[in-house]
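Since the structure comes first, as structure tokens, the remarks are kept for the end.
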Amino acid sequence: MTIKYTRKTPQEGQVNNPLHGVKLVDILEYLLATKGWASMSNTVDINCFKSNPSIKSSLKFLRRTPWARAKVEQLYLESIKA
């Protein structure tokens, strides 16, 4: 008896994930271009959007803080659906 194993390609496993393949830097740049720092800081209450905001400081904070990253990703998803 021969058992065949099939491997899923990475794309097959991420069919329903709208964030698949989207980098955090791309999310921030899109939000910055469409909303701006002030609007982002009103929606997601984090200091890296309020006090001397920059892409670099925001990336550093969001990569280390899962709850903040989840909020930013949710904001991105809501803005691309609108």
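Under the 0.36 nm per residue contour assumption, what length would be gained going from the current alpha-carbon distance of residue 71 and residue 52 to full extension?
Roughly 4.9 nm would be gained on extension.
Report the local net charge at residue 29: Lys and Arg +1, Asp and Glu -1, summed over other residues whose C-beta lies under 13 Å from its C-beta.
With Lys, Arg at +1 and Asp, Glu at -1, the neighbours total +2.
Can you run phi through the Karplus equation (6.51, -1.76, 1.60; θ = phi - 60°) for the range 22-31 and list ³J(HN,Hα) in whole Hz, with x for Gly and Pro?
So the J values, rounded to whole Hz, are 9, 7, 4, 5, 5, 4, 4, 5, 5, 5.
Heavy atoms of the protein only, probe of 1.4 Å, neighbouring chains included. What is the accessible area of residue 63 in Å², nearest 10?
The accessible area of residue 63 comes to roughly 150 Å².
What accessible surface, in Å², does a 1.4 Å probe find on residue 30, ignoring ligands, DNA and RNA and rounding to the nearest 10?
80 Å²
The values are calculated or read from the model by the stated rules, or taken from the named source; none is laboratory data. As the structure is a prediction and not an experimental result, all values here were calculated from the model. All Cβ positions, even for glycine, are placed from backbone atoms using ideal geometry, and neighbour counts span all protein chains on display. Remember, those area values only see protein heavy atoms, side chains included, never the ligands or the DNA or RNA. Shrake-Rupley method; radii C 1.70, N 1.55, O 1.52, S 1.80 Å.
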